[in-house]
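For reference, the structure is listed below as structure tokens.
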Amino acid sequence: MTSGAEPVPIEVVPTGFALGAEIRGVDVRKRLPPETAAALREAWKQHLVLLFRGQTGLTDEQLIAFTEVFGPLQDAPNSEVTANFGSFRDVPKEVTIISNIEVDGRPIGALGAGEADWHTDMSFIDEPPAGSCLYAIEVPPSGGNTSFTNMHRALDTLDADTAGAVAEAWCVHDESLTSTGAQRRGVPEVTDVRETPGARHPVLRTHPDTGRKALFLGRRRNAWLVGFDVDESERLLDRLWTHAADEDHVWEHRWRAGDIVLWDNRAVMHRRDPFDPATRRLMHRTQVAGGRPF
Ligand code: SIN
């Protein structure tokens, strides 16, 4: 969403935690001049998670146009809930609805009101999205906070023994369960992690834009370090997940309606707190397309 208009001065306010910055001075409904778009991409590279407050009333088309500032879009995943939408899935194919709201007893979106464990969006496919852009339309009065962890920092601070053990390792990124632990329709239940369905990716990946290395993890359950003895794989994965979730690497975001948060899946994992299912939470998410992790 760029134009030949005058550059808009933006203010980048770091969260003070291991990642994340609030961007002030941008109305994402307006077409952004190329200099402003470039400044946003630079801020994203540096801070990995960007927060834009006060963007209420955005249409899906505006959200899509804004996301395109950061790269071409990737379609929404084909999840159980997507298949459930039936005739009331009336959003563009690029938009994933994340919501606990039900219409006629059927969920209109993914993830419900439960806790979503640490994960990387859609990493169970060969070319997972580079970024995710989540727009808050309705938020509950409490709960539903989303936390982000800096996977560059997690790798930089990992103990040498574990780092050495996984330096050349690949991991299966489970496709069978969502981040809330729900079974995806049409994907068999995993009884042996050596048969987990999903893409296999290097545990250490390189960020294509910055060349920095990061830990790359998908979902803890059903993960397996390919070729490892299962017990050794479990031990190392427990160590990696515990370390990645260390509060030293984490920033937690408390949502307000109108917030947009854009995160870099190549260097960030995230999780979400549960919230009262009697309250409503409605978010629309777009995905920036990504390449094969290396
Ligand atoms: C997601 O995992 O993409 C959604 C996170 C959230 O609901 O806050």
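Observations
- Neighbours by Cβ (under 6 Å, 6+ apart or cross-chain): first from the range 96-109, closer than 11 Å to MET283 by Cβ; second away from the ligand (no atom under 16 Å from the Cβ) and modelled with pLDDT of 90 or more: none
- Within the range 33-80, the set of residues being assigned to a strand (DSSP E or B) and either closer than 21 Å to MET151 by Cβ or modelled with pLDDT under 95 (or both) comprises VAL49, LEU50, LEU51, GLN74.
- Residues located in the range 201-252, provided they are hydroxyl-bearing (Ser, Thr, Tyr), in contact (Cβ under 8 Å) with a residue 60 or more places away in the chain and out of contact with any strand residue (DSSP E or B) (no Cβ under 7 Å at 6 or more places or on another chain): THR210
- Positions within the range 44-65 being without any contact (Cβ under 8 Å) to a residue 60 or more places away in the chain and surrounded by 19 or more Cβ atoms within 10 Å (Cβ to Cβ), in sequence order: HIS47
- Among the criteria (1) farther than 24 Å from VAL172 by Cβ; (2) within 12 Å of the ligand (Cβ to nearest atom), the one ASP117 does not fulfil is (1).
- TRP263 farther than 21 Å from ASP156 by Cβ and modelled with pLDDT of 95 or more: no
- Of all the numbered requirements in (1) surrounded by fewer than 19 Cβ atoms within 10 Å (Cβ to Cβ); (2) under 17 Å from the mean Cα position of the chain (by Cα); (3) not small (Gly, Ala, Ser), ASP156 misses one, and that requirement is (2).
- Residue that is surrounded by the most Cβ atoms within 10 Å (Cβ to Cβ) [pool: residues in the range 1-43 that are more than 22 Å from HIS207 (Cβ to Cβ) and hydroxyl-bearing (Ser, Thr, Tyr)]: THR36
- Scope the range 237-294; condition among the polar types (S, T, N, Q), within 15 Å of the ligand (Cβ to nearest atom) and under 17 Å from CYS171 (Cβ atoms); matching residues: ASN265
So that you can scan it fast, the table gives a plain yes or no per residue for (1) touching an Asp or Glu at 6+ places or on another chain (Cβ under 8 Å); (2) within 16 Å of the ligand (Cβ to nearest atom); (3) not in a strand (DSSP E or B):
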| position | (1), (2), (3) |
| --- | --- |
| SER132 | yes, yes, no |
| GLY144 | yes, yes, yes |
| ALA163 | no, no, yes |
| SER179 | yes, yes, yes |
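The values are calculated or read from the model by the stated rules, or taken from the named source; none is laboratory data. These figures come from a predicted structure and were not determined experimentally. Here the Cβ is made from the backbone with ideal geometry for all residues, glycine too, and neighbour counts use every protein chain on show.
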